[in-house]
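Worksheet for the structure shown next.
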Amino acid sequence: MSELAGRLAVIKVSGDPVTAVTAGLTHIDDNTWQVTDELKQVLDRDTEPTLEQDNGFDGWAAISYASVNKLNGKFTFVGAGFSDTETIRIKTGNYLPLSSAAYAHDYTYTKQANLMEVNRFGETHKKRIVGTKFSSGSLNQWDVTDPYFADVLTSGEPIVLELRASTAGYPQRLWALIESTEMSAALDSPQDEAVSFISTDELLKLGD
């Protein structure tokens, strides 16, 4: 059965950076390693992590990597790579802890792509190619005294949003800018905050 009740949805938001020093990595495939602790896999976009390796003989030594995806803590290496028997960990760097938006009660999430026309003289039908991809959406939450989203809007800095259909589901994770916050109140209902967001940089569906 693929139907899921709306009450099962989970929304998480990122907090302030926390040191990720000594966080271990796990060998995923040929040249890919990932931060082992799922709670530390979202890395701070404002700092570049460094890594070190213990090969069991010479102790810890700094190593270089080709790229890192900070939304899921995956590091890619170029060359021969490393064996499963070797140990790699973060030497310097920060991660962003994710916590539940406990008072959230409604959200929408849309994935989009810019479609660009590439028509030529003489053609009778439009042709398009896919340009940049992005996502946008909104959420509502009851805790109108919490300034988190308003503060993010004022700062202009992106946060990480994680959206799950259920606690067991694969999350959608994205860097998001807060586009607007709106408060509403009525005599016959609780006060409510509506937040609009739009992605900046990469968005992932983890687990694919």
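The values are calculated or read from the model by the stated rules, or taken from the named source; none is laboratory data. Please read these numbers as outputs of a predicted model, since none were measured by experiment. So basically every Cβ, Gly included, is an ideal-geometry build from the backbone, and we count neighbours across all protein chains shown.
Sub-8 Å Cβ pairs linking a first residue in the range 133-145 that is assigned by TED's automatic domain parsing to the domain that holds His105 to a second residue that is in a loop (DSSP other than H, G, I, E, B), at least 6 apart or interchain, are Leu139/Ala101; Gln141/Ala101; Gln141/Tyr103; Trp142/Tyr103; Asp143/Ala102; Asp143/Tyr103, ordered by first then second residue. When Leu71 is tested against (1) of a type outside the set (Gly, Ala, Ser); (2) outside the structural domain of Arg164 (by TED's automatic domain parsing); (3) outside any loop (DSSP other than H, G, I, E, B), just one condition goes unmet, and that condition is (3). Per the listing Val10, Val21, the residue uniquely out of contact with any helix residue (DSSP H, G or I) (no Cβ under 9 Å at 6 or more places or on another chain) and closer than 13 Å to Ile90 by Cβ is Val21.
Of all residues in the range 93-135, those that are among the hydrophobic types (A, V, I, L, M, F, W, C) and more than 26 Å from the chain's Cα centre (by Cα) total 4. Can you find even one residue in the range 118-130 that is within 30 Å of Ile28 (Cβ to Cβ) and in contact with a Lys or Arg (Cβ under 6 Å, 6 or more places away or on another chain)? Within the range 118-130, not a single residue is within 30 Å of Ile28 (Cβ to Cβ) and in contact with a Lys or Arg (Cβ under 6 Å, 6 or more places away or on another chain). Going residue by residue through the range 119-131, is there one that turns out to be of a type in the set (Gly, Ala, Ser), in a loop (DSSP other than H, G, I, E, B), in the same structural domain as Ile198 (by TED's automatic domain parsing) and out of contact with any Pro (no Cβ under 6 Å at 6 or more places or on another chain)? Among the residues of the range 119-131, at least one is of a type in the set (Gly, Ala, Ser), in a loop (DSSP other than H, G, I, E, B), in the same structural domain as Ile198 (by TED's automatic domain parsing) and out of contact with any Pro (no Cβ under 6 Å at 6 or more places or on another chain), which makes the answer yes. Test Ser189 against the stated conditions and say whether it is outside the structural domain of Val42 (by TED's automatic domain parsing), in contact (Cβ under 8 Å) with a residue 24 or more places away in the chain and among the small types (Gly, Ala, Ser). No.
So which residues in the range 27-49 are part of a strand (DSSP E or B) and loosely packed, with under 14 Cβ neighbours inside 10 Å, if there are any at all?
The initial filter retains those residues of the range 27-49 that are part of a strand (DSSP E or B), namely 27-29, 32-35, 43.
Answer for the range 27-49, where residues must be part of a strand (DSSP E or B) and loosely packed, with under 14 Cβ neighbours inside 10 Å: Ile28, Asp29.
Return the residue satisfying two criteria in turn: it lies in the range 164-180 and is in a strand (DSSP E or B) and either among the charged types (D, E, K, R) or touching an Asp or Glu at 6+ places or on another chain (Cβ under 6 Å) (or both), and of such residues it is surrounded by the most Cβ atoms within 10 Å (Cβ to Cβ). Here the residue is Arg173.
So, Glu157, is that one surrounded by 12 or more Cβ atoms within 10 Å (Cβ to Cβ) and either hydroxyl-bearing (Ser, Thr, Tyr) or not in a loop (DSSP other than H, G, I, E, B) (or both) or not? Spelling it out, it is not the case that Glu157 is surrounded by 12 or more Cβ atoms within 10 Å (Cβ to Cβ) and either hydroxyl-bearing (Ser, Thr, Tyr) or not in a loop (DSSP other than H, G, I, E, B) (or both).
Within the range 17-41, the set of residues being closer than 25 Å to Leu177 by Cα and either modelled with pLDDT under 90 or out of contact with any strand residue (DSSP E or B) (no Cβ under 9 Å at 6 or more places or on another chain) (or both) comprises just one member, Glu38. The sole residue among Ile90, Ile63 that is surrounded by 15 or more Cβ atoms within 10 Å (Cβ to Cβ), under 23 Å from the mean Cα position of the chain (by Cα) and among the β-branched types (Val, Ile, Thr) is Ile90.
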